[in-house]
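Colleague: Sharing a structure, written as structure tokens. Questions coming.
The values are calculated or read from the model by the stated rules, or taken from the named source; none is laboratory data. Being a predicted model, the structure only gives us computed values, none of them experimental. Cβ placement follows ideal geometry from the backbone for every residue including glycine, while neighbour counts extend to all protein chains displayed. Please note that ligands, DNA and RNA were not included when accessible areas were found on the heavy atoms of the full protein model with its side chains. Shrake-Rupley method; radii C 1.70, N 1.55, O 1.52, S 1.80 Å.
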Amino acid sequence: MSYSQKSNAQDTYFHEDYQKHKCPDSRSRHYEHCVEDVLEAILEAQKKAKKDHGCDTSCKKSIEDLLCEKKKHKKNTIPFILYCGCEPFKGTGVTTYHCHSKKKKAFKCIETYVFKIIDLDYKCATLELLTFKSDHKGDDSHHHHDNKCALSSPCKQIDHKSVEDLMDTGICITVDLSCFCAITCLPAVHLY
């Protein structure tokens, strides 16, 4: 069966070379033709990593790293950046935290260019906002979020940050995948 016949027989594109990579136990498919397909492959790989399947930066490499990791702290997440046209997509979400006194709660706005796929439902995706611990020191100050702290690009958010400082926020957003035309995968990481 040719590549075009396989892609016609399936709803998504199948990359034949993916199964020939370094992990012989991997039965995972790799999609590389659009944002939705890449997100589906990332979600599948993250689910397999949680099931403890043991066995350069690109989406394919990050997926392989996630599935082939044999170290103590196995990688469980492939962070990524999405693009609308030529511009990177900045997600915004809100959470609450205890400030000054344990009795009072305050809102905290989180902005990020870095996401984790949580779920796919047809043409919609649930994404978790990821951020860096070092960006939230001194958060109990209500003056912390001002213009000089606003994110202006993914590189300004990521450059010189420790990989171990990347953290999940528990804040999820739902996006329409038809709005995105490109995706950049970061290397696979272990999020606690």
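Colleague: Can you give me the distance in nm between label points at LYS133 and ILE173, each placed 7 Å from the Cα along the Cα-to-Cβ direction?
Modeller: It is 2.5 nm.
Colleague: At 1.4 Å probe size, put LYS133, LYS60 in order of accessible surface, largest to smallest.
Modeller: These residues rank, largest area first, as LYS133, LYS60.
Colleague: Rounded to the nearest 0.05, what FRET efficiency do LYS161 and CYS34 give with R0 = 35 Å and r taken as the Cβ-Cβ distance? Could you check?
Modeller: About 0.75, to the nearest 0.05.
Colleague: Determine the gain in length on full extension of the stretch LYS103-LYS123; use 0.36 nm per residue of separation and subtract their C-alpha separation, reporting nm with one decimal.
Modeller: 3.1 nm is the gain from fully extending LYS103 to LYS123.
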